[in-house]
Amino acid sequence: MRKRLFAALLAALMLFSCATAEEDLIIEEVLLDETGAEVPAGSSAGLPADGSVGVSSAEGMTAVSAGGASSPAESAAAEVFTPSFGSPYPTDPGAGDYWSLPMDITDEEAVWKMLMAPMTVVRVGGGNQEKKQTYLYREPDENSQKIGVVTRDSQGVRVIEQLDSGWSLIECYSSSFHDTKVKAWNLLVQGYIKSEYLVKMDPNPAMGIVVDKLTQRLYIFQDGHLLTTLLCSTGLVQHNGTKWQPYNETRSGEFFLMSKVGTLKSDRLLCDMAIRFNSGDMVHEVPHVVQADGKTKNYGSTEPKLGTKCSHGCIRVQRYKTPEGINMAWLWSQLKSGSRVKFVIWEDWQGRQIPPVDPNTVLYYNPDGGDYYHRAETCYMAKKRTFQPFLYSQLEEGEFAKLKFCPYCAPAMRAADIEAVNSRYAPGGDHDENMTMLRQDYFDYLRQ
């Protein structure tokens, strides 16, 4: 296996050459302060043990396989997109777990089965470890190169192989945050960890949540069924005027919702009802600023961006109630710290596409001068109004063409908006060239 892995690593290196964390973080015995800066030592990221690892990214980077390397974007047409897409270690299609399940939110039964499946997490010693992290190593040896970072207690990993030596080869998206020494920004990596650190845990049996970075939607499942869909915003790689921030990209993977943090401050923004799921990454209400009167909350700079990437790594969720009466405040009220609700994040692999909307989908509007179209006949935007139905196929016709997307009930996107997303994610493209460029440091590190 080591020869096979080493060959794969070399292939990956040759082919590649052709947010801020919104709270604190610990890597082994390394603590990051609330700005994400390291206090003692660094963090890391990387590849698996024998020198070979599958490294994949949503930005169309190279995925390493045993026989060489293949691009996720190039193989998109023939491949089924799963969280382990591009991994050199094939998943079992019938496993029904996070790593093997195709990313199709319409398969309600399969998604619920995945949300209820046990999750393997990392635990080293006792006590609260939700802000601590552990390295993955290139070889089953703590003196070998550190190639990945996994958050303890909350982040799920895929166990590929357990060795007789007491080590295991695992796979996960590297939880590399601000100031980590190994810059595997949201890369799917395979590395070694001591088997004694791996613990299998059952999730909360009543609820599970899916965040899809392609659609920028948060889907709440309860008791086996999709309960509602909320608009959200995951992290955006951007330049802050001084430097690039690749660590803003929200780390994909499967997690448990952990502690209820409360209000989180990020520069001038206040983020209410924050719940931790991956060390510095949290899910919270769409941020606001407080106006000069000291009381009024202003959401004007953040709310219009819901449904697109724009955060520093956390996941922003709408405050408006859906037709089912659900928003971030509802989610906050339903959860207790340590309830272990499974919270999974689907990667927006290059080549993934949003499927077209069934033209016979029923939408709703207010014929008496309404400005919006809706997905249900009632909406919290107009509590005392019952809307009239029309078909999605009519959305670009006559008076319907002027209707705007309702930010409360998040109806189906217009065909032109779907096409814009799909064009950006078309096979063979690169929807985030900046991230691709910024990951070069990681591949340079692997050559050391």
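Miscellaneous remarks
Matching residues to (1) at pLDDT below 95; (2) out of contact with any His (no Cβ under 6 Å at 6 or more places or on another chain); (3) over 27 Å from residue 346 (Cβ atoms):
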residue	(1), (2), (3)
128	yes, yes, yes
160	no, yes, no
182	yes, yes, no
185	no, yes, no
188	no, yes, no
191	no, yes, no
197	no, yes, no
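- Inspection of the stretch 362-374 finds no residue satisfying the criterion of being surrounded by fewer than 23 Cβ atoms within 10 Å (Cβ to Cβ), under 27 Å from residue 207 (Cα atoms) and either not assigned by TED's automatic domain parsing to the domain that holds residue 84 or not polar (S, T, N, Q) (or both).
- Filter pass, residue 199 being within 30 Å of residue 181 (Cβ to Cβ), surrounded by fewer than 23 Cβ atoms within 10 Å (Cβ to Cβ) and among the β-branched types (Val, Ile, Thr): yes
- Residues in the stretch 260-278 that are among the small types (Gly, Ala, Ser), touching a strand residue (DSSP E or B) at 6+ places or on another chain (Cβ under 6 Å) and at pLDDT below 95: there are none.
- Filter pass, residue 408 being among the hydroxyl-bearing types (Ser, Thr, Tyr), at pLDDT 95 or above, surrounded by 12 or more Cβ atoms within 10 Å (Cβ to Cβ) and farther than 20 Å from residue 218 by Cα: no
- Remark: pairs (first residue in the stretch 243-272, over 23 Å from residue 331 (Cβ atoms); second residue part of a strand (DSSP E or B) and among the aliphatic types (A, V, I, L, M); Cβ separation under 8 Å; 6+ apart in sequence or on different chains) = 268/289.
- Residue 182 β-branched (Val, Ile, Thr) and either surrounded by fewer than 16 Cβ atoms within 10 Å (Cβ to Cβ) or in the same structural domain as residue 306 (by TED's automatic domain parsing) (or both): no
- Of the criteria (1) in a loop (DSSP other than H, G, I, E, B); (2) surrounded by fewer than 17 Cβ atoms within 10 Å (Cβ to Cβ), which one residue 349 fails: (2)
- For the stretch 403-430, the tally of residues that are assigned to a loop (DSSP other than H, G, I, E, B) and closer than 28 Å to residue 392 by Cα stands at 13.
- Among residues of the stretch 209-229 that are at negative phi, those with a beta-carbon under 6 Å from a residue that is charged (D, E, K, R) at least six positions away or on a different chain give the pairs 213/348; 214/348; 214/352; 226/108; 228/324; 229/217.
- Inside the stretch 237-283, residues that are crowded, with 17+ Cβ neighbours inside 10 Å and of a type outside the set (A, V, I, L, M) make up a count of 22.
- Residue check for residue 412: in contact with a strand residue (DSSP E or B) (Cβ under 9 Å, 6 or more places away or on another chain) and among the small types (Gly, Ala, Ser): yes
- Within the stretch 290-334, restricting attention to residues that are small (Gly, Ala, Ser) and farther than 22 Å from residue 344 by Cα, the residue that is surrounded by the most Cβ atoms within 10 Å (Cβ to Cβ) is 301.
- As for the stretch 122-130, it holds no residue that is out of contact with any Phe, Trp or Tyr (no Cβ under 8 Å at 6 or more places or on another chain), closer than 27 Å to residue 261 by Cβ and not in a loop (DSSP other than H, G, I, E, B).
- Enumeration of residues in the stretch 284-307 that are part of a loop (DSSP other than H, G, I, E, B) and either within 21 Å of residue 236 (Cα to Cα) or in contact with a Ser or Thr (Cβ under 9 Å, 6 or more places away or on another chain) (or both): 286, 287, 299, 300, 301, 302, 306, 307
- Among the residues of the stretch 214-250, those that are among the small types (Gly, Ala, Ser) and within 13 Å of residue 313 (Cβ to Cβ) comprise 233, 235.
- Matching residues in the stretch 147-161 - criterion: being of a type outside the set (A, V, I, L, M) and closer than 14 Å to residue 89 by Cα: 158, 161
- Positions within the stretch 346-386 being among the β-branched types (Val, Ile, Thr) and over 25 Å from residue 325 (Cβ atoms), in sequence order: 354
- In the stretch 390-400, the residues that are surrounded by 11 or more Cβ atoms within 10 Å (Cβ to Cβ) and within 19 Å of residue 357 (Cβ to Cβ): 390, 391, 392, 393, 394, 395, 396, 400
The values are calculated or read from the model by the stated rules, or taken from the named source; none is laboratory data. Since the structure is predicted, the reported quantities are computational estimates derived from the model, not experimental observations. Glycine gets a Cβ as well: all are built from the backbone with ideal geometry, and neighbour counts include every protein chain shown.
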